[in-house]
1. If you take every residue apart from Val58 with its C-beta less than 14 Å away from the C-beta of Val58, what net charge results, scoring Lys and Arg +1 and Asp and Glu -1?
2. Please order His142, His42, His110 by the number of other Cβ within 10 Å, starting at the fewest.
3. Please compute the net charge surrounding Leu46, taking Lys and Arg as +1 and Asp and Glu as -1 over other residues with Cβ under 13 Å from its Cβ.
4. Hey, what did segment 25-165 get for relative contact order, percent, Cα under 8 Å, at least 6 apart?
5. Starting with the fewest neighbours, write out Ile108, Ile85, Ile30 ranked by other beta-carbon atoms found within 10 Å of each beta-carbon.
6. At 0.36 nm per residue, minus the direct Cα-Cα distance, what do Leu46 and Asn80 gain on full extension? Give it in nm, one decimal, please.
7. When percent of Cα pairs over 22 Å apart is calculated directly from the model, which label among (1) 48; (2) 42; (3) 39 fits?
8. Tally Lys and Arg at +1 and Asp and Glu at -1 over the other residues with C-beta under 15 Å from the C-beta of Gln93: what net charge comes out?
Amino acid sequence: MTQAINLPKIDEFLQELATIQQQSAKRIAILGSRHVPLTHQHLIELLGYALAQAGNRVLTSGAMGTNFAVIRGVLRADPNLLTVILPQSLARQPQDSREQLENVMHLIEHGENDTLSLAEASALCNQEIVEKCQQLICFAFHDSRTLLQTCRDAEEQRKVVTRFFFD
């Protein structure tokens, strides 16, 4: 009996392998939960720092927790390698967030989403981030619906996706 080979799976595997082995800088998105213990935030900050030190362009959003840890790390390494895409306008961000975001050179706001719920605006924002990246790193809980949907969307676009779960 001859076994059929699933070519799309092999093609996906080869594409993922090529992305992982790519020696040149990549566009890496890092997204994650707002509710992150401080020790985890420090590790995420170090990851952002290391990725930028290696010359990678890092994309994230502006929420507290994971995304702010990424922002701190990349700003320390090379502010020019950081792009932050906000789901809504800067004015809709908490005051302490705005202070840090003012230091971001490549900041994209979406004021047209100010009338949407934060969940709706975040889903749209995450879609944009995934479209612009080659690889997605996500820090989430198993019940983080928006983040896990973003991971599924990224996989459908044949992006390399790495998930880390807090629970």
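Derivation of every value follows stated rules applied to the coordinates shown; laboratory data play no part. Because the structure is predicted, anything quoted here is derived from the model rather than measured. Cβ coordinates were reconstructed from backbone atoms using ideal geometry, including for glycine residues, and neighbour counts include every protein chain displayed.
1. Numbers: positive: Lys26, Arg27, Arg57, Arg72, Arg76, Lys132; negative: Glu45, Asp78.
Taking every other residue near Val58 into account, the sum is +4.
2. Values: His142 9, His42 14, His110 18.
Ordered from fewest to most neighbouring Cβ atoms within 10 Å, His142, His42, His110 come out as His142, His42, His110.
3. Values: positive: Arg72, Arg76; negative: Glu45.
Result for the local shell: +1.
4. On the way: 277 pairs, mean separation 36.1, N = 141.
Answer for segment 25-165 is 26 percent.
5. Numbers: Ile108 16, Ile85 20, Ile30 27.
Ordered by Cβ neighbours within 10 Å, fewest first: Ile108, Ile85, Ile30.
6. Values: separation 34, 0.36 × 34 = 12.24 nm, distance 1.71 nm.
Answer, rounded to one decimal: 10.5 nm.
7. Structure-derived value, by its label: (2).
8. Numbers: positive: Arg34, Arg92, Arg98; negative: Asp96, Glu99, Glu102, Glu109, Asp114.
With Lys, Arg at +1 and Asp, Glu at -1, the net is -2.
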